[in-house]
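These notes are about the structure you will find just below.
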There are 2 protein chains.
Amino acid sequence: ASVDKGVDFANYFCTYAFLYHQKDMLTDRVRMDAYYSSVFNNKQHFLGKTVLDVGTGSGILAIWSAQAGAKKVYAVEATKMAEHARELVRANNLQDVVEVIEGSIEDITLPEKVDVIISEWMGYFLLRESMFDSVICARDRWLKPTGVMYPSHARMWLAPIRSDIADQKMNEYEGCMDEWNGFVRETKSSYGVDMSVLTKPFSEEQKKYYLQTSLWNNLVPNQVVGTAAILKEIDCLTVTVDDILKVEASISSTISKEDTWLCGFGGWFDVHFKGRMENPAECEVELTTAPSIEDGTHWGQQVFLLNPPICVNEGDEFRVNFSMSRSEANHRLMNVDLGYEMKLRSGKTLPTVQNKFYIE
Amino acid sequence: ASVDKGVDFANYFCTYAFLYHQKDMLTDRVRMDAYYSSVFNNKQHFLGKTVLDVGTGSGILAIWSAQAGAKKVYAVEATKMAEHARELVRANNLQDVVEVIEGSIEDITLPEKVDVIISEWMGYFLLRESMFDSVICARDRWLKPTGVMYPSHARMWLAPIRSDIADQKMNEYEGCMDEWNGFVRETKSSYGVDMSVLTKPFSEEQKKYYLQTSLWNNLVPNQVVGTAAILKEIDCLTVTVDDILKVEASISSTISKEDTWLCGFGGWFDVHFKGRMENPAECEVELTTAPSIEDGTHWGQQVFLLNPPICVNEGDEFRVNFSMSRSEANHRLMNVDLGYEMKLRSGKTLPTVQNKFYIE
Ligand SMILES: Nc1ncnc2c1ncn2[C@@H]1O[C@H](CSCC[C@H](N)C(=O)O)[C@@H](O)[C@H]1O
Ligand SMILES: Nc1ncnc2c1ncn2[C@@H]1O[C@H](CSCC[C@H](N)C(=O)O)[C@@H](O)[C@H]1O
């Protein structure tokens, strides 16, 4: 599937051209601390080395790489944000080390291969935005055979959760349908047109919007009602685009709370900075976006709602078949098929339920 | 300037493919009543005639035209909404009269010329969305020399207003800058990067967003503090695209309230259904989006804020130089230059002030 660049820009890149949006990321303390530590606690990876920052945005990671002693940093950014990155580099007196290049990483050329690729490419639930494709492309073209990826590993997680938003969204959906039904009556009586044939497609449109679109949420740990499982593990040094086109996993989870509601599943990710086998990090750093009271991130978690919620008990077991692939209309968005089967601790097995979700 | 169709679809058409959005228009009583009356009180224009509905959306105007006795109605819609329109036509048993055609009006061909072109093409402040271009194109290609346009005329209005949102937006802007300044301090102390060079571009970005982007608002009549003036009059039968690429007007307005605040200008439009000179409407209908207590529309008014507001008095006079043209990046959005000069009733003249606004 070939991607129209203009359309991709309109749909995706445009927001990154705003300082406001870059600031959202720059004020995410968990994110900032993880990248900061990964660089400054592993200076041996940067000292005298060449670095490529894929999607430099404001330029922050390129600047840190230079401050940690890099000999040369290529900072590539597709949007006009590149101009601000250039200003920032100069204001921090690093213009002799950091070279800002405006362009898509897929299109530009560098004069040399690099020792390190650093990038903050993670979208909601890791793969939304599909920006990791660009990092893989950069790695295959520009990383030395001995080079190191920052981050080096990534994982996707899924866990059963409880949450009030399941009810809330159901109420919103129902309110919306009540309004629609009033509208159909009105349109018939005042304007002589019978709209009832559109009730079904309207309800499908609204169901998709309210109930089947995954929600951004900052969950807290006690909303997780069962064991979390890993859906996918990625070695950033070796993974291919083919490996991430589809994420398929069959996992199990055991409910850990007595007499609670299962309202859906929460998805999140973590990434690790471990260097590479032959050249490991001195100090391994983890960036996690798991449910947390104090350490929430701008990524939050993605919530996939079950309607209606199910009453569950400690020891109940789930088997979840998870499959995520890219939306046909927009390769940066995702479709999720989530089927689950429940084995109660009593031994009884409930029939499989199949759900479709959209990560928009 | 050529327009990339894919980009135009991503930026513009996509929202019209949702029933939710069509419903917003279909529940706008003022809009519905005006079109309904214009058709059913002027049946002589429809009886036994051929009609083209440009951008039929849900199909409502095409269906009314058929119900008013049209022999044949071509209902053209660029988005997938065409499928719903087709269902609706069939459910109302008009499939022998109404033919729904999915495609851009610029691309499709009809088997004949038509007697009437009906269309609801008006965007915020009349011309936002630039959809009228498509109606002009349809008219030049498909309207018989004797044909009638529905609506037949359109006007743009501007008036001085007072409003709390001027202060509110200024507060929001200032709050946003305070936060930014905290962020700059934080980033320097915690992460060793001096972001202060970006303060100016950030403040410009936020000024544009909070203060220079025109606002959707439903004004009430007593917020209008001076005489309203016409910026532009359009005869839909004869106007060309060139005539609407730019709207330039020099108008005056007299303040009609004593000791009040001038907080900005409100812009709105009206359209009229008068038929044509040789074939006038039996019953002329007006659709106005002027400030109103009971008859607000989904268009509201566009508000252009002045910062800071100015204290004015009855009898003070304004001269406003207004110029609106299309945004280079997106021909469906507008840039406005609004200069004003004030002659106080005391005889004193205040210097000209020049403002730039964006209709996004
Ligand atoms: N293919 C590509 N080529 C160049 N830049 C890209 C890209 N895909 C995404 N980007 C840019 O990558 C950035 C990701 S956001 C991260 C910004 C910055 N590195 C930080 O950590 O704060 C965005 O600014 C986006 O415009
Ligand atoms: N060039 C073009 N060709 C075909 N349809 C177009 C078009 N430009 C805009 N449209 C469609 O015109 C519609 C305008 S909204 C009005 C919808 C309907 N006539 C009603 O009155 O309720 C949208 O559905 C939009 O998709």
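Just a few scattered comments:
- Test: residue in region A:236-248 that is exposed (fewer than 15 other Cβ atoms within 10 Å of the Cβ) and basic (Lys, Arg): yes
- Pick from region B:93-152, criterion among the basic types (Lys, Arg) and under 17 Å from B:Asp242 (Cα atoms), ranking: surrounded by the fewest Cβ atoms within 10 Å (Cβ to Cβ): B:Arg141
- Top-ranked residue of region A:26-39 - restricted to ones that are more than 9 Å from chain B (Cβ to nearest Cβ) and open to solvent by 20 Å² or more (accessible area, probe 1.4 Å), ranked as nearest to B:Cys176 (Cα to Cα): A:Val30
- Every residue from region B:326-360 that is in contact with a helix residue (DSSP H, G or I) (Cβ under 7 Å, 6 or more places away or on another chain) and surrounded by fewer than 17 Cβ atoms within 10 Å (Cβ to Cβ): B:Asn330, B:Lys356, B:Tyr358
- Test: B:Asp259 is open to solvent by 40 Å² or more (accessible area, probe 1.4 Å), more than 14 Å from chain A (Cβ to nearest Cβ) and over 29 Å from the mean Cα position of the chain (by Cα): yes
- Evaluation of B:Ala290 against (1) open to solvent by less than 40 Å² (accessible area, probe 1.4 Å); (2) closer than 19 Å to B:Phe132 by Cβ (one fails), failing number: (2)
- Hits in region A:89-107 (condition: in contact with an Asp or Glu (Cβ under 8 Å, 6 or more places away or on another chain) and within 14 Å of chain B (Cβ to nearest Cβ)): A:Ala91, A:Asn92, A:Val100
- Among the residues of region B:159-170, not a single one is away from ligand 2 (no atom under 16 Å from the Cβ), under 22 Å from B:Gly59 (Cα atoms) and modelled with pLDDT of 95 or more.
- Region A:184-203 - residue that is more than 9 Å from chain B (Cβ to nearest Cβ) and free of Cβ contacts under 8 Å to residues at least 24 places away in the same chain and, of those, farthest from the chain's Cα centre (by Cα): A:Ser189
- Take the conditions (1) in contact with a Leu (Cβ under 7 Å, 6 or more places away or on another chain); (2) within 30 Å of B:Phe46 (Cα to Cα); (3) of a type in the set (Gly, Ala, Ser); B:Gly267 misses just one of them, which is (2).
- In region B:62-74, of all residues being surrounded by fewer than 24 Cβ atoms within 10 Å (Cβ to Cβ) and within 14 Å of another protein chain (Cβ to nearest Cβ), the one that is farthest from ligand 2 (Cβ to nearest atom) corresponds to B:Gly69.
- Restricting attention to region A:40-54 and to residues that are touching a residue at least 24 places away in the same chain (Cβ under 8 Å) and surrounded by fewer than 23 Cβ atoms within 10 Å (Cβ to Cβ), the residue that is farthest from the other protein chains (Cβ to nearest Cβ) turns out to be A:Thr50.
- Counted residues, region A:219-256 - those being under 25 Å from A:Cys311 (Cβ atoms) and not in a strand (DSSP E or B): 9
- Just one of the listed residues (A:Phe273, A:Phe202, A:Phe265, A:Phe269) is more than 22 Å from A:Arg319 (Cα to Cα), in contact with a strand residue (DSSP E or B) (Cβ under 7 Å, 6 or more places away or on another chain), of a type in the set (Phe, Trp, Tyr) and open to solvent by less than 70 Å² (accessible area, probe 1.4 Å), namely A:Phe273.
- Residue that is farthest from B:Arg90 (Cα to Cα) [pool: residues in region A:161-183 that are more than 10 Å from every other protein chain (Cβ to nearest Cβ) and acidic (Asp, Glu)]: A:Asp164
- Close pairs (7 angstrom Cβ cut-off, 6 or more residues apart or separate chains): farther than 20 Å from A:His298 by Cα in region A:219-233, assigned to a loop (DSSP other than H, G, I, E, B) and open to solvent by 30 Å² or more (accessible area, probe 1.4 Å) anywhere: A:Val225/A:Arg162; A:Val225/A:Ser256; A:Val225/A:Lys257; A:Gly226/A:Ser256; A:Thr227/A:Ser256
- Failed condition for B:Tyr210, given (1) over 22 Å from the mean Cα position of the chain (by Cα); (2) open to solvent by less than 50 Å² (accessible area, probe 1.4 Å); (3) within 14 Å of another protein chain (Cβ to nearest Cβ): (1)
- Residues in region A:99-120 that are within 15 Å of A:Thr79 (Cα to Cα) and either hydroxyl-bearing (Ser, Thr, Tyr) or within 16 Å of ligand 2 (Cβ to nearest atom) (or both): A:Ser104 only.
- Scanning region A:153-164 for residues that are more than 18 Å from the chain's Cα centre (by Cα) and open to solvent by 20 Å² or more (accessible area, probe 1.4 Å) returns A:Arg162, A:Asp164.
- In the set (1) near ligand 1 (Cβ under 9 Å from one of its atoms); (2) more than 12 Å from every other protein chain (Cβ to nearest Cβ); (3) farther than 20 Å from A:Arg128 by Cα, A:Glu77 fails one condition alone, (3).
- Enumeration of residues in region B:1-20 that are over 27 Å from B:Leu245 (Cα atoms) and either more than 9 Å from every other protein chain (Cβ to nearest Cβ) or touching a Phe, Trp or Tyr at 6+ places or on another chain (Cβ under 8 Å) (or both): B:Leu19, B:Tyr20
The values are calculated or read from the model by the stated rules, or taken from the named source; none is laboratory data. None of the values given here were measured: they were computed from a predicted structure. Counting neighbours? That spans all protein chains shown, and the Cβs are built from the backbone with ideal geometry, glycine included. The area values use the complete protein model at the heavy-atom level, side chains included, leaving out ligands, DNA and RNA. Shrake-Rupley method; radii C 1.70, N 1.55, O 1.52, S 1.80 Å.
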